[in-house]
Amino acid sequence: MTQKINDLRDRMIVALDVPTIWDAYRIVSQLGDEASFYKIGYALAFAGGLQLTQQLVAEGKKVFLDLKLHDIGNTVTEGVQSLSNLGVDFLTVHAYPQTMRGAVEGRAEAALKLLAVTALTSYDDGDLRDAGYGLAVRDLVRMRAEQARTTGIDGIVCSAAETEIVRDVVGADMLIVTPGIRPAGSAAGDQKRTLTPGEAIRAGVDHLVIGRPIIRAADPRGAAAAIMDEIAAAS
Ligand SMILES: O=C(O)c1cc(=O)[nH]c(=O)n1[C@@H]1O[C@H](COP(=O)(O)O)[C@@H](O)[C@H]1O
């Protein structure tokens, strides 16, 4: 297992993409000790999720606050300053140089790890072209990983399919965190760059972010346990 992570369970981050904190509580209690790390995105953050982060932290869970900040540097600096005392473990910003510099400047708590989102896993090369970019996904991810490393960001969010490229750029110490994880046979939904949990772990990913395959499963605890078994077998 990677030296950066002590508890194998921490490699699986469950995305609490649900509309209310009551839905989130239900999933957290269903998963029990099967999950130790949760991601709160802005659907929930704007519906009481910031209080929930503090409750999860108090219960000993790890929390990834996925706000994907992106603004002028000064505003990002002030935003990250405000968020620094929440006790969360990870916070996302988009991997734009000004944004990343602003975030690093605003970090007021050393334990808060800043993750830079390179190219969303729902994008392929055509989607990037539609968005006005002249680079293929893999080239954009490589460029942004390099910029993140030189800026002092702690980790990269990308598809597990880009792990080799990113690891080559960022080295062993930075985190690679990958959404777009789909157990064999599960629906991709809007994700375009996917790998299975086992493939991602074998590629060298540190943390897998998994939402719908767990939270929309008929048996979320069973789904999480099966994914953890796959992670353990591949670690
Ligand atoms: O930053 C993220 O977490 C993120 C980045 C990315 O490139 N792709 C991506 O899917 N995500 C998030 O990861 C989660 C994936 O959820 P599922 O597709 O349901 O497994 C969602 O909460 C997304 O917002």
Scan the stretch 69-88 and tell me whether some residue there is of a type outside the set (D, E, K, R), within 26 Å of residue 231 (Cα to Cα) and not in a strand (DSSP E or B). yes
So, of the residues in the stretch 175-196 that are touching a residue at least 60 places away in the same chain (Cβ under 8 Å) and closer than 19 Å to residue 220 by Cβ, which turns out to be surrounded by the fewest Cβ atoms within 10 Å (Cβ to Cβ)? 191
Is it the case that some residue within the stretch 100-112 is away from the ligand (no atom under 14 Å from the Cβ), within 15 Å of the chain's Cα centre (by Cα), farther than 23 Å from residue 133 by Cβ and surrounded by 14 or more Cβ atoms within 10 Å (Cβ to Cβ)? yes
Checking residue 172 against (1) part of a loop (DSSP other than H, G, I, E, B); (2) touching a helix residue (DSSP H, G or I) at 6+ places or on another chain (Cβ under 7 Å); (3) surrounded by fewer than 22 Cβ atoms within 10 Å (Cβ to Cβ), which test does it fail? (2)
Just to be sure, is residue 218 more than 9 Å from the ligand (Cβ to nearest atom), buried (at least 21 other Cβ atoms within 10 Å of the Cβ) and aliphatic (A, V, I, L, M)? no
Return the residues of the stretch 198-231 that are in contact with a helix residue (DSSP H, G or I) (Cβ under 9 Å, 6 or more places away or on another chain) and under 20 Å from residue 172 (Cα atoms); say none if nothing qualifies. 198, 199, 200, 201, 202, 203, 204, 205, 206, 207, 208, 231
Which of the residues belonging to the stretch 9-39 are touching a Leu at 6+ places or on another chain (Cβ under 7 Å) and among the small types (Gly, Ala, Ser)? 24
I need the full set of residues from the stretch 19-55 which are closer than 16 Å to residue 219 by Cα and either touching a Cys at 6+ places or on another chain (Cβ under 8 Å) or not in a helix (DSSP H, G or I) (or both), in order please. 35
Selection status of residue 34, acidic (Asp, Glu) and surrounded by fewer than 18 Cβ atoms within 10 Å (Cβ to Cβ): no
Given (1) in a helix (DSSP H, G or I); (2) free of Cβ contacts under 8 Å to residues at least 40 places away in the same chain, index of the condition residue 230 fails: (2)
For the stretch 175-191, how many residues meet the condition of being under 23 Å from residue 146 (Cα atoms), part of a loop (DSSP other than H, G, I, E, B) and more than 9 Å from the ligand (Cβ to nearest atom)? 0
Filtered residues of the stretch 125-135 (kept if part of a loop (DSSP other than H, G, I, E, B) and surrounded by 15 or more Cβ atoms within 10 Å (Cβ to Cβ)): 133, 135
Please go through (1) closer than 16 Å to residue 7 by Cβ; (2) free of Cβ contacts under 8 Å to residues at least 12 places away in the same chain for residue 57 and return the number of the only condition it doesn't satisfy. (2)
Which numbered condition residue 201 misses (of (1) closer than 19 Å to residue 137 by Cβ; (2) more than 11 Å from the ligand (Cβ to nearest atom); (3) β-branched (Val, Ile, Thr); (4) in contact (Cβ under 8 Å) with a residue 40 or more places away in the chain): (1)
Test residue 111 against the stated conditions and say whether it is hydrophobic (A, V, I, L, M, F, W, C) and out of contact with any strand residue (DSSP E or B) (no Cβ under 6 Å at 6 or more places or on another chain). yes
Exclusive hit being without any contact (Cβ under 8 Å) to a residue 24 or more places away in the chain and over 18 Å from residue 235 (Cβ atoms), set 136, 161: 136
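Only the coordinates and a few stated rules stand behind these numbers; no lab work does. None of the values given here were measured: they were computed from a predicted structure. FYI the Cβ positions are ideal-geometry reconstructions off the backbone, even for glycines, and counts take in every protein chain you see.
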